[in-house]
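Contents: one structure, followed by commentary.
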Amino acid sequence: MNLLEPFIALKRVLQILKCTDCTMQHLLDSASTLRKAAAALHEFKFLCAGAREQNCAQYWLGRLEEAKLLQAQGQHEMAINLAKYISQNHQSSEVISDVYRLVGKWLAESRSSNSRTILEKYLKRAVMSAEDRNHTYNYVRSSR
C-alpha cells in the first residue's frame, strides 16, 4: 500500500483537473495492481501453510498485510479481529508495535470501542513495544 500512495495522490490531482478519461484509466490500472497484490498475498499464505512455518516472522508479517488488505477492502471487523489474533499469538518486537497501533487506529476509526480501552490496551502498548525495540536496537549498536 505504501507503494500505491503516490498513485492515489495522482488520482486526486486528475480529479481536480477534471480529466475524466485519465482518471478512469488510472483507476483501472490501480484496481489491476491491487488485484495482483491480493493474489500475491494469497499465494504467500498458501506457501506458508504448506511449509508450516507459522512461527517465522514472515508468516506474521504476511498475516498483518492480510489484515491491512481487509481494512482497505472495507472489511473492518475482520481486519480488527485478525490483528487482535496476531497480537495475541505473536510477540515479535519487529511486528507487535505496528499491530497494536493498527488495532487502536482501526477501533478508533470504527468507533467500536471505548477510547480509554483503545488507549490502554493498544496505543500505550504500541508505544511501549516501540520503545523496547528502540532500546534493544541501541543496546546492540553500543555493544559493538
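The values are calculated or read from the model by the stated rules, or taken from the named source; none is laboratory data. Note that the structure is a prediction, hence the values are computed from the model and not measured. Cβ placement follows ideal geometry from the backbone for every residue including glycine, while neighbour counts extend to all protein chains displayed. These area figures cover heavy atoms from the full protein model, side chains too; ligands, DNA and RNA do not enter into them. Shrake-Rupley method; radii C 1.70, N 1.55, O 1.52, S 1.80 Å.
Conditions (1) over 17 Å from the mean Cα position of the chain (by Cα); (2) modelled with pLDDT of 90 or more; (3) open to solvent by 30 Å² or more (accessible area, probe 1.4 Å); (4) at positive phi, marked per residue:
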residue: A67; (1), (2), (3), (4): no, yes, no, no
residue: A72; (1), (2), (3), (4): no, no, yes, no
residue: Y85; (1), (2), (3), (4): no, yes, yes, no
residue: W106; (1), (2), (3), (4): no, yes, no, no
residue: L123; (1), (2), (3), (4): no, no, yes, no
residue: N134; (1), (2), (3), (4): yes, no, yes, no
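Taking first residues from segment 16-32 that are open to solvent by 60 Å² or more (accessible area, probe 1.4 Å) and partners that are assigned to a helix (DSSP H, G or I) and not acidic (D, E), the Cβ contacts under 6 Å between residues at least 6 apart in sequence or on separate chains come to C22/L14. If I ask for residues that are under 25 Å from S30 (Cα atoms) and not in a helix (DSSP H, G or I), which ones from segment 66-113 would you list? Q73, G74, Q75, listed by residue number.
Each residue in segment 38-55 was checked for being part of a helix (DSSP H, G or I) and either of a type in the set (D, E, K, R) or modelled with pLDDT under 80 (or both), and 6 pass.
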